[in-house]
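Only the coordinates and a few stated rules stand behind these numbers; no lab work does. Source: prediction; values computed, not measured. Cβ sites come from the backbone with ideal geometry, for glycine too, and all protein chains shown count toward neighbours.
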Amino acid sequence: MLDRLDEDTIINQWIEASADTPFDMECPVRGVLDKISDKWSMLLVMTLATGPRRFNQLKRDVPDISQKMLTQTLRDLQRDGMVSRQVFDTKPPSVEYRLTPMGQSIIVPFGHLIRWANANHPDIDVARAEYDGAGA
């Protein structure tokens, strides 16, 4: 996990960045975080981290995503420059998706978040059970 110096640095950077317009709906960072932090984007980026995939392979690798959501998420990631799409001139045409250098740059930060989630999910489960049991 982060040591105290890193945590303080990150908090101070957040404070400095949001000093003029705290929680501004037009903040560009919010727009980026909204896109990359949804569960489908993270799952697809981490799936593509192991190498390029065709659409149907992504659908098999992430079986609980609908075809519509897979298509939309891939388009969003492509629009944001995280994923590239290559069409092959075959019969029928085939399409392959891969991470761009920008998409590859998010793998390590996602890895930290995944490690944190793995380490803390038992405590989160306990907290949820306590909260639910309290009738809140």
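Report, by chain and number, residues whose modeled amide H sits under 5 Å from the one on Ser94, excluding near sequence neighbours (fewer than 5 apart, same chain).
Result for Ser94 returns Phe88.
Pop the C-beta distance of Ile11 and Arg85 into the FRET formula with R0 = 30 Å and round what comes out to the nearest 0.05.
Approximately 0.20, to the nearest 0.05.
Rounded if a/c is under 1.5, else prolate if a/b beats b/c, else oblate: with a ≥ b ≥ c from the C-alpha gyration tensor eigenvalues square-rooted, which is the stretch 97-136?
Judged from the Cα gyration tensor, the stretch 97-136 comes out prolate (a/c at least 1.5, a/b above b/c).
Mind grabbing the base-10 log of I(q)/I(0) for the stretch 13-136 at q = 0.13 Å⁻¹? Debye formula, identical points on the C-alpha positions, no solvent, two decimal places.
Values, matching the q order: -0.69.
Provide Rg over Rh for the stretch 26-71; use the alpha carbon set for both Rg and the Kirkwood Rh (inverse mean inverse pair distance).
Over the Cα atoms of the stretch 26-71, Rg/Rh equals 1.05.
How large is Rg over Rh for the stretch 48-121, taking Rg from the Cα atoms and Rh as the Kirkwood inverse mean of 1/r across Cα pairs?
Working: Rg = 13.9 Å, Rh = 13.5 Å.
A ratio of 1.03.
What list of ³J(HN,Hα) values in whole Hz, one per residue of the stretch 84-98 in order, does the Karplus curve 6.51 cos²θ - 1.76 cosθ + 1.60 (θ = phi - 60°) give from phi, with Gly and Pro shown as x?
Once θ is set to phi - 60°, the couplings for the stretch 84-98 become 10, 10, 10, 9, 9, 7, 10, 10, x, x, 10, 10, 10, 10, 8 Hz.
May I ask you to evaluate 6.51 cos²θ - 1.76 cosθ + 1.60, the Karplus curve with θ = phi - 60°, for each residue of the stretch 67-81 and list the ³J(HN,Hα) values in order in whole Hz, giving x for glycine and proline?
Listing the rounded values in order: 4, 4, 5, 4, 4, 5, 5, 4, 5, 4, 5, 5, 4, 7, x Hz.
Can you give me the Cα centroid spacing of the stretch 66-100 and the stretch 23-63 in angstrom?
Computed from Cα coordinates, the inter-centre distance equals 12 Å.
Set the Förster radius R0 to 25 Å, insert the Cβ-Cβ distance between Asp132 and Asp34 as r into 1/(1 + (r/R0)^6), and round the FRET efficiency to 0.05.
Efficiency computed from Cβ-Cβ geometry: 0.35.
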